[in-house]
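The values are calculated or read from the model by the stated rules, or taken from the named source; none is laboratory data. None of the values given here were measured: they were computed from a predicted structure. Backbone-built Cβ (ideal geometry, glycine too); neighbour counts: all protein chains shown.
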C-alpha cells in the first residue's frame, strides 16, 4: 500500500514522538508506531521522574555540573547546559498537558534526590509513577488534537532516501502480501524509535526496544555516536521476568541498602557513596556478587517499611506479584540493560547528518549523557529535543492538517507482538555474555563473529536493522581500549586520557574496521 503524505512523519509513539507531535500542532503530523501509542515505550515504565533545577537552593549550573560528572569526561557541555536551562519550561508544558506532578502542601513542585545528583531535583508523580502518568496525559492530549494522525500496528523497516535526502519510510503490518506494506512520503521524518535494551537477555525495556531505529538510520547512512556505551540499571528485580521489573533508584535515595546473602553491605568498600555511587559502579558491584553466587538484595525494610505500598506503589506491586513482601523481605536484584547513551548523532536542534531526518529520545546520541547518563535526565532530554525539533521545523514549509484529518485517525492493532525467534534469543544471549556489564577482547570478538553469521542468515529487514545496531555496539566497544562509564573492559580496566572523547562513525566506516578487529 503506497501513500503520498505531506505531513511530518514521526516514527515512534513514546514520550519523544508524542511530545514532538503535540509541539508541532496545528501542523499535520503522522505518528507511526508498532504498538498502540503509549505502549511499547520505555518512557511509560520510567519510575523516577524528570530532572529539573526547580527546587530551593538548586541551580542550572549545579545540574550541568552533575551531568558532566556522571558522564565521565565526555559530555558535551553546551548540550548539557541547554538541556538543563530548558528543563523548567518543559516541566510546565507537561503540567499544561495534564501531568499531575507531586506538589508539597504549599503547592510547589515536590522534588526528590537520586544517585549522583548534588540536590533534590527529580520531579515525580506519586513516588514511582512518573513515566506512566506522563504517557497517559500525553496520549489523552494527542487523542484530542486533530492535527495528529496515528497509524498503529506498523513496524517501520526502512527510510526512503532520494538524492541524499530522507523523503519517507516503508513500514510493515502484521499480515501477508503487498497490502501490508505501507509506504509514506513526508515533508520531514522524525525518528523517535527508542533504545536497544531488548538486545540483552535481562532488560527493563519493552520488546519493541531492540535497536531497530538505530540500525535503520545507520543502514540509511546516518552518522552515529558513542555506540559502545550501554547503561545497566543496577536494581532490576531478579524474578525471571522479561522485561525485568525495575526497583527504582529512588529507593536507594530513600536509604535502602544493598546486601548479599550473608547480610554484608558489599558496596561500602567499593565506593565512598556506597549504594548511591554512579550506576555503572553499582551495577558492577551487584554483578560481581551474583556471579560469585552470593546474590544481591535491596533491603528496604528499615528505610521504607510500612509505607512502601503508598510511597512506591509500582515496585510494591511488582514484588507482591512475585511473592515478595518488600516491607519485611529484601528484594533480589540484578543489573539489567536499561538505557543506551549511544545512537543517532544529532545537533542541538535534533538534526541528523541526513537532510530531511530528525531524531529525538533514546534513539539519539546528543552528547547530553556522555559515557553514563545521570539519573532522570533521559525523560528531560526527550522533551527538550522534541520541542527543539518542533521549533526548528516551525519555519519549514509544512502542511496544516486538513479539516477532516482526525477522522479515523487512531488506526491500530495490525502488528501483534511476536515471541523472540531462535536467532533473536541467540543474539540476546550473545550480547549479555560478551557485550554486557563486563567486556573483554576475546568475548567481544566472539560476539561480533556471531552477529556477522546471523547477518548472513537474516531474511528480514527488521532483523537486519537489529543486527546493524548490535554490530555497531560490538565494533565500537572493541575499538575503545579503556573503561569509561557504561563501557567496562576487564582487559583495559582503567580510563585512558587519550580516549577522553566522544566517538563518531557511520555503518560503512565501522564495517571497514572489522577485518582488523577480528585478526588473531
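Report whether or not residue 347 is part of a loop (DSSP other than H, G, I, E, B), more than 26 Å from residue 208 (Cβ to Cβ), modelled with pLDDT of 95 or more and assigned by TED's automatic domain parsing to the domain that holds residue 119. Criteria met by residue 347.
Consider residue 427 carefully, then state whether it is part of a helix (DSSP H, G or I) and in contact (Cβ under 8 Å) with a residue 60 or more places away in the chain. Full working, then the answer.
Working: part of a helix (DSSP H, G or I): yes; in contact (Cβ under 8 Å) with a residue 60 or more places away in the chain: yes.
It is true that residue 427 is part of a helix (DSSP H, G or I) and in contact (Cβ under 8 Å) with a residue 60 or more places away in the chain.
Would the stretch 65-82 turn up any residue that is without any contact (Cβ under 8 Å) to a residue 24 or more places away in the chain, at positive phi and either surrounded by fewer than 18 Cβ atoms within 10 Å (Cβ to Cβ) or part of a loop (DSSP other than H, G, I, E, B) (or both)?
First, the residues of the stretch 65-82 that are without any contact (Cβ under 8 Å) to a residue 24 or more places away in the chain: 77, 81.
Pick out the ones that are also at positive phi and you get none.
No, the conditions are met nowhere in the stretch 65-82.
Restricted to the stretch 131-223, the set of strands (runs of 3 or more DSSP E) holding at least 1 residues that are over 26 Å from residue 354 (Cα atoms) and touching a residue at least 60 places away in the same chain (Cβ under 8 Å) is empty. Flag: residue 232 matches the condition of being closer than 23 Å to residue 199 by Cα and either surrounded by 23 or more Cβ atoms within 10 Å (Cβ to Cβ) or out of contact with any strand residue (DSSP E or B) (no Cβ under 6 Å at 6 or more places or on another chain) (or both). When residue 402 is tested against the conditions (1) assigned to a loop (DSSP other than H, G, I, E, B); (2) modelled with pLDDT of 95 or more, the lone failure is (2).
Taking the criterion of being part of a loop (DSSP other than H, G, I, E, B), in contact with a helix residue (DSSP H, G or I) (Cβ under 7 Å, 6 or more places away or on another chain), within 20 Å of residue 232 (Cβ to Cβ) and at pLDDT 95 or above, the residues of the stretch 367-387 that qualify are 368, 369.
Name the residues in the stretch 498-510 that are more than 22 Å from the chain's Cα centre (by Cα), under 23 Å from residue 212 (Cβ atoms) and crowded, with 16+ Cβ neighbours inside 10 Å, would you?
Taking the stretch 498-510 as the starting set, the residues that turn out to be more than 22 Å from the chain's Cα centre (by Cα) are 498-500, 508-510.
From what is left, the residues that are under 23 Å from residue 212 (Cβ atoms) are 508-510.
510 - this is the single residue of the stretch 498-510 that is more than 22 Å from the chain's Cα centre (by Cα), under 23 Å from residue 212 (Cβ atoms) and crowded, with 16+ Cβ neighbours inside 10 Å.
With respect to (1) surrounded by 15 or more Cβ atoms within 10 Å (Cβ to Cβ); (2) within 26 Å of the chain's Cα centre (by Cα), the lone exception for residue 492 is condition (2).
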